[in-house]
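Notes follow the structure.
Taken together, the values in this text are just the output of simple stated rules run on the coordinates, not laboratory data. From a predicted model like this one, the values you see are computed outputs, not experimental measurements. Counting neighbours? That spans all protein chains shown, and the Cβs are built from the backbone with ideal geometry, glycine included.
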Amino acid sequence: MSDRIAPREAFGKTLVRLGEENPNIVVLDADLAPSTKTSYFRESFPQRFIPVGIAEQNMIGIAAGLSTLGFIPFATTFACFASRRVCDQVTVSCAYPRLNVKIVGGYVGLFVGKNGATHQALEDIAIMRSIANMVVIEPVDATETERVIEFACNYDGPVYLRIGRDPMPQIVPQDYKFQLGRALVLREGKDVTLISSGAMVEDTLKAASLVEKEGIDARVINMSCIKPVDEEIIVKAAEETGRIVTVENHNIIGGLGSAVCEVVAERYPVRIKRIGIRDVFGKSGTNEEMKAKFKLRAEDIAKEVINFVGR
Amino acid sequence: MNKKPVERKKLEEIANRLRIKVVKMIGKSGFGHAGGSMSIAEILTTLYFYELQVDPENPAWEERDRFILSKGHAAPIFYAVLSEKGFIPEDILLTIHHPDSPLQCHPDMRLCPGVEASTGALGQGLSIAVGMALGAKLKGKSFRVYALLGDGEAQEGQVWEAAMSASKFKLDNLLAIIDYNKLELSGKINEVMPLEPLYDKWVSFGWHVIEINGHSFTQIINALDEAKKIKGKPTLIIAHTVKGQGVSFMEDKVEWHAVSMSVDQVKEALKELGCPQEEIELTLSQMKEE
């Protein structure tokens with residue numbers, strides 16, 4: 001357990017490391033620095049830390065203005081506010097003119113402490129994915145988070161980063177390199193492909209081990225880059241395994257499952273099963289309570305996979 | 001300040017030419033935001049021909065002043081002043097609203113030189129201006145940032161978030177102007193959603209506020225000069241204007257917010273603005289080409 005690290009921790013520390021090298025990195029905070037871990041940046045670079053108060057719309061506009069002067073602004077808040085609250089500001093002030101603004105949503109999906117439905121972001125990927133010019137990334141673990149933040153600093157354009165709150169084990173290899181639009185096969189398999197992102201990847205890997213006992217050889221893909229999505233790895237999975245299951249910490253409408261369906265439907269139709277939150281609002285509770293209530297535990301996923309594959 | 005003495009007559013001529021260009025653009029396009037363009041002719045003229053340190057030959061000049069038209073729907077007169085200043089050629093003005101034109105209905109910073117922010121969704125421009133002014137302070141730059149807002153726009157909550165932050169960050173390099181023409185799309189501001197007491201509101205948000213007649217060059221110039229002397233806080237100019245100013249049948253009429261103009265209306269408007277007869281004839285023939 002000791003080697004589990006929260007993506008938000010890696011995010012906060014990576015920002016400090018990159019901030020030392022690059023004086024153009026600035027961080028905007030809508031009164032959640034201790035939660036999003038931009039508090040580390042605040043301690044290291046108080047002059048480049050911009051607290052805007054609980055005013056997310058203004059934060060996005062300020063970030064847009066700063067970016068026109070060559071700054072690389074990271075506008076940070078919870079994912080629900082970073083998407084729902086500021087949808088128009090992100091669209092018109094940032095994405096339309098393709099400004100170099102990084103929008104960071106912390107506390108993602110169902111896993112938001114015990115904050116419940118109002119603070120759960122089950123729509124953020126759907127919102128961000130449908131905005132032209134936006135890149136959407138949900139890194140899975142600390143290592144990938146570091147690589148993704150480095151990428152975001154070097155990429156000239158708007159990026160939405162979905163950064164998990166809770167500790168994750170090491171999922172990607174230590175020498176992993178993030179590439180825009182490229183996913184990673186975590187486990188090879190020929191009977192079915194499980195595609196997931198963020199916090200659900202751990203349970204999806206466990207589910208793959210569980211179904212193996214039933215004689216099902218499942219491939220597992222970490223789809224951290226949700227837009228642009230890795231079409232080739234999806235088509236290859238459809239061709240080689242014939243069936244795909246998506247597992248996401250998001251409404252099954254508009255998120256990762258939808259992104260995969262779009263590619264498969266257009267390029268290589270096969271059957272797909274989407275696992276996620278089935279168009280309902282969440283509840284207060286621990287992560288384990290959420291997973292149990294919304295049938296997102298490894299055993300729930302395994303059961304769905306077994307039913308789907310039909311063995 | 002390397003300010004040249006400005007001839008009042010020259011400013012008046014420019015403002016009038018802007019209005020003529022607006023009528024021609026809206027006439028040719030068959031659509032456009034007329035009223036809220038006309039109300040800011042003197043303000044834009046004074047900004048571009050008295051105040052702003054900008055270089056049309058080098059629109060990306062790093063030290064330039066930044067101007068943001070937060071009320072992006074007044075794009076016709078914004079494009080008119082950009083052509084008058086030399087940022088864009090005059091002959092593209094009549095392409096306004098065409099899908100392939102750099103002159104989109106609302107200003108697009110990626111398509112049109114001299115446009116500093118893509119605006120049109122009301123309420124967003126002042127926040128962007130705050131970001132620019134804050135960035136100037138962080139970088140130790142001395143340029144100034146200007147934002148022109150509509151009055152109805154101040155009904156957006158984001159404007160007040162931005163107002164609060166500009167004063168917190170002590171942005172004395174930021175100047176906002178409100179085009180207070182008292183009308184919005186669906187009716188009178190005072191009936192739709194009153195802004196008063198507007199002066200007191202901005203003062204209470206920590207701004208230095210100057211109230212002027214937005215059609216008086218003297219008052220605009222004096223307010224711009226006064227704003228530069230204010231230290232430690234941003235300045236707001238509340239410019240009392242008349243929507244549709246300069247074309248009598250448009251003045252103070254809510255119906256002239258976004259319009260198409262008939263051949264007769266274009267003719268009458270251009271005549272009133274003193275447009276030469278041959279130019280009127282040309283405009284009318286261009287309208288009939290469509």
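Which value, in debye to the nearest 20, gives the size of the charge dipole of chain A about its Cα centre, when Lys and Arg are +1 and Asp and Glu are -1 at the Cβ?
That gives a dipole near 480 debye.
Among A:MET168, A:MET223, B:MET38, B:MET287, rank each residue by its count of other Cβ atoms within 10 Å, from fewest to most, as a rough exposure measure.
Exposure proxy ranking, most exposed first: B:MET287, A:MET168, A:MET223, B:MET38.
Over the protein assembly as shown, what lengths in whole Å, largest first, do the semi-axes of the equivalent ellipsoid take, defined as the square roots of 5 times the eigenvalues of the alpha-carbon gyration tensor?
Rounded to whole Å, the semi-axes are 52, 27, 20.
Give me the log10 of I(q) over I(0) for chain B at q = 0.17 Å⁻¹, as the Debye formula computes it from C-alpha points; what are the numbers?
Per q value, in the given order, log10 I(q)/I(0) is -1.47.
Just for the range B:97-214, what percent of DSSP beta bridges are antiparallel, to the closest 5?
Among the beta bridges of the range B:97-214, antiparallel pairing accounts for roughly 25 percent.
Suppose the chain between B:GLU63 and B:LYS168 were pulled fully straight at 0.36 nm per residue; how much longer would it get relative to their current alpha carbon spacing?
My answer for the length gained is 35.4 nm.
What order do you get for A:TYR107, A:TYR176, A:TYR160 when you list them from fewest to most C-beta neighbours inside 10 Å?
Fewest-to-most Cβ neighbours within 10 Å comes out as A:TYR176, A:TYR107, A:TYR160.
If you restrict to DSSP beta bridges whose two residues both lie in chain B, what percentage is antiparallel, to the nearest 5?
If I count the DSSP bridges inside chain B, around 10 percent turn out antiparallel.
Taking the beta-carbon count within 10 Å as an exposure proxy, list A:MET200, A:MET134 from fewest neighbours to most.
Ascending Cβ contact count within 10 Å gives the list A:MET134, A:MET200.
Placing unit charges on C-beta atoms (Lys and Arg positive, Asp and Glu negative, everything else neutral), compute the dipole magnitude of the range A:26-165 about its Cα centre in debye, rounded to 20.
120
With a Förster radius of 51 Å, plug the Cβ-Cβ distance of A:GLU21 and B:VAL192 into 1/(1 + (r/R0)^6) and report the FRET value to the nearest 0.05.
0.50
Considering only A:ILE272, A:CYS225, A:LEU186, whose Cα is most displaced toward the positive end of the charge dipole of the range A:184-309, charges sitting on Cβ of Lys, Arg (+1) and Asp, Glu (-1)?
With unit charges placed on the Cβ atoms, the residue in question is A:ILE272.
Pairwise over distinct Cα atoms, reciprocal of the mean inverse distance: report the Kirkwood radius of the range A:260-300 in Å, one decimal place.
Final number for the Kirkwood radius of the range A:260-300 is 12.2 Å.
Averaged across B:131-144, how many Cβ atoms of other chains sit within 10 Å of each residue's Cβ atom?
5
Using Cα centres only, tell me the gap between the range B:102-117 and the range B:150-167 in whole Å.
22
In degrees from 0 to 90, rounded to the nearest 10, what is the angle of the helix A:298-309 Cα long axis to the longest principal axis of chain A?
50
Which net charge results for the neighbourhood of B:GLU84, defined as the other residues with beta-carbon distances under 14 angstrom from its beta-carbon, given Lys and Arg at +1 and Asp and Glu at -1?
Counting the neighbours of B:GLU84, the net charge comes to +1.
Shielding of A:50-59 by partners, i.e. mean partner chain Cβ atoms within 10 Å per residue?
The per-residue average across the peptide is 6.
Place a point 7 Å from the Cα of A:SER284 along the Cα-to-Cβ direction; which residues of the range A:106-126 have their backbone N under 20 Å from it?
Within reach of a label on A:SER284: A:107-122.
Put +1 on the Cβ of each Lys and Arg and -1 on the Cβ of each Asp and Glu in chain B; which of B:TRP61, B:GLY30, B:THR241 then has its Cα farthest toward the positive end of the dipole?
B:TRP61
5 Å is the cut-off here: which amide hydrogens, built 1.01 Å from N in the peptide plane, fall below it relative to A:HIS250, excluding neighbours closer than 5 in sequence?
Placed amide hydrogens put A:ILE277 under 5 Å from A:HIS250.
Hey, rough spin-label estimate for A:ILE54 and A:ASP31, points 7 angstrom out along Cα→Cβ, what's it come to in nanometres?
For A:ILE54 paired with A:ASP31, the spin-label model returns 0.4 nm.
On average, how many beta carbons from a partner chain sit within 10 Å of the beta carbon of a residue in A:91-98?
6
Considering chain B as a Gaussian network with a 10 Å cut-off on Cα pairs, which listed residue, B:GLU272, B:GLU12, B:GLU116, attains the greatest mean-square fluctuation?
Maximum fluctuation in the GNM of chain B, among the listed residues, is at B:GLU272.
Quick check: convex hull over the Cα atoms of chain A, volume per residue in Å³, rounded to an integer?
118
Taking the Cα centroid of the range A:168-185 and of the range A:219-268, what is the distance between the two, rounded to the nearest whole Å?
So the separation of the two Cα centres works out to 17 Å.
For the range B:150-245, give me the percentage of DSSP beta bridges that are antiparallel, rounded to the nearest 5 percent.
15
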